[in-house]
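Below is one structure, written out as structure tokens; comments come after it.
The values are calculated or read from the model by the stated rules, or taken from the named source; none is laboratory data. Note that the structure is predicted; figures quoted are calculated from it, not measured. Cβ sites come from the backbone with ideal geometry, for glycine too, and all protein chains shown count toward neighbours.
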Amino acid sequence: MDILEGPLSALNSKAKLAKIMNIQTQVADVTNGTKILANSCDLVLMTNLLFQCENKKAILEEGKRVLKQSGRILLIDWKKSASFGPRDRAVSPEEIKKLVEEVGLKTEKPALRSLGEGGEFEASPYHYGIMLGK
């Protein structure tokens with residue numbers, strides 16, 4: 001799901017080349033909710049999203065709504081300390097964790113990866129990641 005058609009078109013092309021047929025894409029503004037059924041997703045990816053949005057809490061609430069009880073949200077966003085990127089709009093992991101608590105999600109540690117405190121990890125020199133669950 002993306003607000004722009006271009007990234008979804010590229011994903012569809014890559015999936016077709018790789019013969020992956022269980023991906024459905026949709027153009028949507030997630031801040032206004034989605035048409036995805038509640039409790040239907042095993043994994044929700046939120047990559048480079050929250051720094052762009054005013055209502056971050058609404059996005060996390062929608063992620064929680066569509067997530068299965070055993071599902072996970074993988075959130076990746078820009079570090080404020082990155083040498084480039086949207087430093088003026090970047091959201092710190094601490095700010096995210098506060099919102100996560102407010103919407104009733106929790107940070108998780110996946111069994112296959114050693115993460116830092118609270119499910120946080122370095123996704124790249126410019127991005128942090130946080131694993132979330134219900």
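Within the range 55-62, is there a residue that is assigned to a strand (DSSP E or B), crowded, with 19+ Cβ neighbours inside 10 Å, among the hydrophobic types (A, V, I, L, M, F, W, C) and on the phi < 0 side of the Ramachandran plot? Reasoning before the result, please.
Kept after step one, since they are assigned to a strand (DSSP E or B), are these residues of the range 55-62: none.
No, because not a single residue in the range 55-62 is assigned to a strand (DSSP E or B), crowded, with 19+ Cβ neighbours inside 10 Å, among the hydrophobic types (A, V, I, L, M, F, W, C) and on the phi < 0 side of the Ramachandran plot.
Conditions (1) among the basic types (Lys, Arg); (2) without any contact (Cβ under 8 Å) to a residue 40 or more places away in the chain; (3) in contact with a strand residue (DSSP E or B) (Cβ under 6 Å, 6 or more places away or on another chain), marked per residue:
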position	(1), (2), (3)
GLN26	no, yes, no
LEU37	no, yes, no
VAL44	no, yes, yes
LEU67	no, no, yes
PHE84	no, no, no
ARG89	yes, yes, no
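Would you confirm whether or not the range 75-85 contains a residue that is β-branched (Val, Ile, Thr), more than 26 Å from GLU120 (Cβ to Cβ) and either outside any loop (DSSP other than H, G, I, E, B) or within 17 Å of the chain's Cα centre (by Cα) (or both)? Please lay out each step first, then the result.
Of the residues in the range 75-85, the ones β-branched (Val, Ile, Thr) are 76.
Subsequent filtering for residues that are more than 26 Å from GLU120 (Cβ to Cβ) retains none.
No, the range 75-85 contains no residue that is β-branched (Val, Ile, Thr), more than 26 Å from GLU120 (Cβ to Cβ) and either outside any loop (DSSP other than H, G, I, E, B) or within 17 Å of the chain's Cα centre (by Cα) (or both).
Filtering the range 91-134 down to residues that are among the aromatic types (Phe, Trp, Tyr) and in a strand (DSSP E or B), which residue is modelled with the lowest pLDDT? Taking the candidates together, the pick is PHE121.
Name the single residue that is modelled with the highest pLDDT among those in the range 38-55 being among the aliphatic types (A, V, I, L, M) and touching a helix residue (DSSP H, G or I) at 6+ places or on another chain (Cβ under 7 Å). Break it down stepwise before answering.
Here is the first cut: in the range 38-55, the ones among the aliphatic types (A, V, I, L, M) are 38, 43-46, 49-50.
Keeping just the survivors that are touching a helix residue (DSSP H, G or I) at 6+ places or on another chain (Cβ under 7 Å) gives 38, 44, 46, 49-50.
Values: ALA38: 96, VAL44: 92, MET46: 93, LEU49: 91, LEU50: 92.
Result: ALA38.
Of all the residues in the range 30-42, those that are outside any loop (DSSP other than H, G, I, E, B) and farther than 20 Å from ILE3 by Cβ number 1.
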